[in-house]
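Below is one structure, written out as structure tokens; the observations come after it.
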Amino acid sequence: MDAEAQDSFREFVAHRSSALLKTAVLLSGGDRHAAEDLLQNALIKAAGRWHRIDEPEAYVRQILYRQQISRWRLKWRRRELTVAEPPDTAGPDASSATDLRLLMRGALSRLTARQRTVLVLRYFEDLPEADVARILGCSVGTVRSTTHRSLARLRTLAPELTALDPAGNEPQLPSRDYSPVEVRP
């Protein structure tokens, strides 16, 4: 990589890594360490092809999505740890944005990687179904049914989300100013 390309790459990383990390955290189910690994691997792959990339952020996001797909397809992926009794937790205060983010983060972390990825792409990235289908390599119908099942599962896991909206609209993912907070079960 020549000096000009190297400077361009460093500038991109300095300006966009925060937003890309937020997406990686959502894709990895709230595991910040896994998100950092996901982003670092994506940036390494992008650095090798930097001089050929027209739209760097779109390219890096595509790498993030595809790496996450590869992770959930691996047979040795991490399994959830089951415990005899659920931990004691207090109910969230619906008026607090922080509690809402924590509630959403916890519910998202209990979805499958595929369900979480579809919801992140549809609601956090605000992509149309056709684009999500193209990114995930599946049909639009699969995206629709996965979105429907994922939202139904979210309602089951966190019924408080539906209670927050008096109109009964589907729960919304937090906005882009969403700051990563580590949640450990």
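Filtered by the rule that a residue be part of a helix (DSSP H, G or I), surrounded by fewer than 19 Cβ atoms within 10 Å (Cβ to Cβ) and in contact (Cβ under 8 Å) with a residue 40 or more places away in the chain, the stretch 136-154 gives a lone residue, ARG153. One residue stands out among those in the stretch 29-63 that are among the acidic types (Asp, Glu) and part of a helix (DSSP H, G or I): the one that is farthest from GLY106 (Cα to Cα), which is GLU57.
Here the condition is being at pLDDT 55 or above, touching a Phe, Trp or Tyr at 6+ places or on another chain (Cβ under 8 Å) and within 28 Å of SER18 (Cβ to Cβ); of ARG105, ARG122, ARG114, it holds for ARG114 alone. The set of residues from the stretch 1-42 being in contact (Cβ under 8 Å) with a residue 60 or more places away in the chain and surrounded by fewer than 16 Cβ atoms within 10 Å (Cβ to Cβ) comprises ALA19, ARG32. Can you tell me which residues in the stretch 121-135 are aliphatic (A, V, I, L, M) and part of a helix (DSSP H, G or I)? Hits for the stretch 121-135 are LEU121, ALA130, VAL132, ALA133, ILE135. Would you check if there is a residue in the stretch 64-75 being open to solvent by 30 Å² or more (accessible area, probe 1.4 Å) and outside any helix (DSSP H, G or I)? Scanning the stretch 64-75, I find at least one residue that is open to solvent by 30 Å² or more (accessible area, probe 1.4 Å) and outside any helix (DSSP H, G or I), so the answer is yes.
The values are calculated or read from the model by the stated rules, or taken from the named source; none is laboratory data. Worth saying up front: this structure is predicted, and the values here are computed from it rather than measured. Please note: Cβ atoms are built from the backbone with ideal geometry, for glycine as well, and neighbour counts cover all protein chains shown. Surface areas here come from the heavy atoms of the whole protein model, side chains and all, with no ligands, DNA or RNA. Shrake-Rupley method; radii C 1.70, N 1.55, O 1.52, S 1.80 Å.
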